[in-house]
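The values are calculated or read from the model by the stated rules, or taken from the named source; none is laboratory data. None of these values were measured; they are calculated from a predicted model. Methodologically, a virtual Cβ is constructed for each residue, glycine included, from the backbone with ideal geometry; neighbour enumeration extends over all protein chains shown.
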Amino acid sequence: MAVGAAAVTLLIIGHPHPHPHPQAQENRATPDAAKLAAIGSGLATGNAAAPPPSPPADWTVLNVDTLRDDDWGRTVRYGRDLITKTYALIGPEVPEASHRYSGNNLACESCHLEAGNRKFGLPFQGVYADFPNYRARSGAVGTIEGRINACMTRSMNGRALPLDSPQMTAIVAYLKFLSTGRPVGAPTPGRGPGRMAEMTRAADPVRGKTIYAQTCAACHGENGQGQRTGRVGDAGGYSVPPLWGDDSFNNGAGMDRLISAAKFIHNNMPVGTTWQQPVLSVEDSWDIAAFVLSQPRPHKAHLDRDFPVRTEKPADAAYGPYLDGFSREQHKLGPFLPIEEKLAALKAANRDHTPGGN
Ligand code: HEC
Ligand code: HEC
């Protein structure tokens with residue numbers, strides 16, 4: 001009971017930043033006490049009892065509501081809304097058929113936490129200042145619009161936003177706003193899903209299933225279906241997003257790679273955890289990610305065209321073709337270090353033919 005109560009406190013007050021959009025806050029998961037107690041008992045770790053740390057000094061959250069009510073301010077705020085209420089504006093259930101760009105009812109914010117303002121919660125801060133850049137997935141220099149559309153067609157399992165659409169303009173404007181003060185080309189520490197040591201053993205989805213049931217199912221559901229805010233068809237989205245099934249990200253998404261998913265889960269889940277004090281151990285994050293990613297999800301066509309420079313294909317891309325001779329199973333579950341070593345050796349041998357960039 002005591003452990004349960006401590007974990008509940010962490011889950012509720014663990015968010016280091018005020019949520020920038022109260023309207024979406026209302027839709028947030030408010031699991032009942034019994035559910036939280038159940039989660040708490042699954043989180044019987046020393047970490048769970050410690051007070052949450054204060055916000056990192058090197059991280060500022062910019063507030064779009066301070067912008068004037070002019071064309072720029074309205075565009076940036078529309079961009080923020082497209083990130084937080086994607087399902088209601090460009091989701092598959094919106095009344096206007098031509099606006100149905102996403103194929104699922106997620107929000108960008110389902111993964112880019114706190115409207116893209118959360119350190120190590122796949123934040124958008126500094127992203128605008130980093131594009132265009134070399135993209136290994138396409139083997140070419142790509143734009144920020146191209147990167148947004150990669151998430152539209154993979155994470156959102158939908159279609160690309162037209163480059164001159166008001167929606168694309170607004171998302172880019174919002175990303176620019178979130179890069180205010182960030183020098184072009186300078187790194188932004190805190191981007192991405194955060195750090196986590198890679199395990200030297202293969203991930204174990206069977207072990208992950210048990211921990212999922214104890215730690216995640218109360219919110220995300222036994223069958224990974226999440227919790228809708230309203231009814232199917234009302235474009236109301238989810239208070240807790242689904243993690244697999246028809247309404248989830250597809251198998252070409254960045255979240256469908258084990259290392260990325262494990263890092264995201266370790267540093268951000270269950271909601272309320274922080275990267276400074278992760279609730280889950282590295283091992284548990286690794287195995288839960290393997291369980292989640294072994295469940296069915298939509299398929300993207302032509303994934304064989306990804307990473308045309310095969311030595312740049314990440315070890316944890318779970319789809320072929322591969323250059324390195326390791327099995328599909330090992331690309332899915334690891335261990336990845338032997339694959340990474342082999343790829344590095346192949347790359348060194350091919351150096352003259354490999355394009356530069358990050
Ligand atoms: C299912 C989870 C998920 C959803 C939903 C999602 N993304 Fe992403 N997104 C990712 C992951 C994972 C990455 C890769 C981050 C990395 O490279 O470290 C990413 C990367 C990005 C980047 C580049 C970030 C960087 O640091 O370089 C942009 C921009 C982006 N997404 C925009 C969007 C937009 C806009 C939406 C909604 C239309 C969206 N994403 C929805 C998971 C998601
Ligand atoms: C207290 C409720 C809660 C618990 C417990 C919880 N999550 Fe989440 N999770 C959320 C919410 C809410 C979001 C969406 C974030 C947002 O909208 O701000 C989310 C987002 C995610 C995402 C990214 C979105 C997507 O569709 O893929 C993943 C992956 C995820 N959770 C995995 C897990 C795993 C694994 C566990 C167990 C270790 C877990 N979560 C426990 C509430 C929860």
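Annotations
- Listing of helices (runs of 4 or more DSSP H) fully contained in the stretch 239-358 that carry 2 or more residues being small (Gly, Ala, Ser): 258-268, 282-293, 337-349
- Residue satisfying all of: in the stretch 112-158; among the aromatic types (Phe, Trp, Tyr) and buried (at least 20 other Cβ atoms within 10 Å of the Cβ); nearest to Tyr87 (Cα to Cα) among these: Phe124
- Close pairs from the stretch 237-261: first within 21 Å of Gly192 (Cα to Cα), partner near ligand 1 (Cβ under 9 Å from one of its atoms) and aromatic (Phe, Trp, Tyr), Cβ under 8 Å, at least 6 apart: Met255/Phe249; Met255/Phe264; Asp256/Phe249
- Residues in the stretch 145-175 that are free of Cβ contacts under 8 Å to residues at least 60 places away in the same chain and more than 22 Å from Phe264 (Cα to Cα): Glu145, Gly146, Arg159, Ala160, Pro162, Leu163, Asp164, Ser165, Met168.
- Conditions (1) out of contact with any His (no Cβ under 7 Å at 6 or more places or on another chain); (2) modelled with pLDDT of 95 or more: number failed by Gly230: (2)
- Subset tally (residues that are acidic (Asp, Glu) and within 17 Å of Glu329 (Cα to Cα)) for the stretch 266-309: 2
- The residue pairs whose first member lies in the stretch 70-97 and is among the acidic types (Asp, Glu), whose second member is modelled with pLDDT of 95 or more, and whose beta carbons are closer than 7 Å, counting only pairs six or more residues apart or on different chains, are Asp81/Leu89; Glu93/Asn105; Glu93/Gly233; Glu93/Asp234; Glu93/Ala235.
- Residue list for the stretch 222-239, filter: on the phi > 0 side of the Ramachandran plot and more than 10 Å from ligand 2 (Cβ to nearest atom): Gly233, Ala235
- Qualifying residue in the stretch 337-351 (condition: surrounded by 13 or more Cβ atoms within 10 Å (Cβ to Cβ), under 25 Å from Ser102 (Cβ atoms) and not hydroxyl-bearing (Ser, Thr, Tyr)): no
- In the stretch 264-272, the count of residues that are of a type outside the set (S, T, N, Q), closer than 18 Å to Met199 by Cα and more than 17 Å from the chain's Cα centre (by Cα) is zero.
- Test: Val172 is closer than 23 Å to Thr274 by Cα and within 16 Å of ligand 1 (Cβ to nearest atom): no
- If the condition is being more than 14 Å from ligand 1 (Cβ to nearest atom) and surrounded by fewer than 21 Cβ atoms within 10 Å (Cβ to Cβ), then the stretch 247-271 contributes only Val271.
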